[in-house]
1. Could you give the accessible area per residue of the chain, probe 1.4 Å, as a whole number in Å²?
2. Could you count how many Lys pairs in the chain have their Cα atoms under 28 Å apart, skipping same-chain pairs fewer than 8 positions apart?
3. Of all the accessible heavy-atom surface of region 1-101, with the other protein chains kept in place and a 1.4 Å probe, what percent is carbon and sulfur?
4. Just flag the GluC sites (Glu not before Pro) in region 36-92 sitting in loop per DSSP whose Cβ has no more than 13 other Cβ atoms within 10 Å.
5. Stokes-Einstein D for region 26-77 at 37 °C, 0.692 mPa s, Kirkwood Rh over Cα pairs, in µm²/s?
6. Jot down the per residue volume, in cubic angstrom and as a whole number, of the convex hull over the alpha-carbon atoms of the chain.
7. How large are Rg and Dmax for region 56-120 when calculated on the C-alpha trace, in angstrom?
8. Longest exposed-loop-site-free stretch of the chain, with trypsin sites (Lys or Arg not before Pro), DSSP loop and at most 15 other Cβ within 10 Å?
Amino acid sequence: QVQLVESGGGLVKPGGSLRLSCAASRRTFGVYVVGWFRQVPEKERTFVAAVTLGGGATYYADSVKGRFTISRDKTDNTAWLEMSSLKPDDTAVYYCAAGARLSSSKNAYDYWGQGTQVTVSS
């Protein structure tokens, strides 16, 4: 069992930046792929980005490519999502997830955090 806790969300103006963190409860976090997803009310949770076990490979949704960067610490139980050039359409609850394989499908992830709200508005 892995417990995940996201932090770093908040209110930011269009064009601004935020850094989300995902802290895991166990050192076995290192054996999992880490993904970030987001969800707005009454819509499906959608894929944002994912990173492999050692951080060597990353995968992004087209909508965030070039603006968001996912990373993880190989020795710590933490992963991050650096978000820049934020747009109002990026407003959502952002979730961290851990799973066994690199995938854009939420069904591939076994563990989820509670989410952190990101609001992009002037």
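1. Roughly 52 Å² per residue, with all protein chains present.
2. 11
3. 49 percent
4. Glu42, Glu44
5. 273 µm²/s
6. 89 Å³
7. Rg and Dmax of region 56-120, Cα atoms, are 12.4, 34 Å.
8. Formally, the longest exposed-site-free interval is 75-100.
The values are calculated or read from the model by the stated rules, or taken from the named source; none is laboratory data. Keep in mind that this is a model prediction, so the values were computed, not measured. Every residue, glycine as well, gets a Cβ built from its backbone with ideal geometry; the counts of neighbours run over all protein chains shown. What goes into the accessible areas is simple: the full protein's heavy atoms, side chains included, and nothing from ligands, DNA or RNA. Shrake-Rupley method; radii C 1.70, N 1.55, O 1.52, S 1.80 Å.
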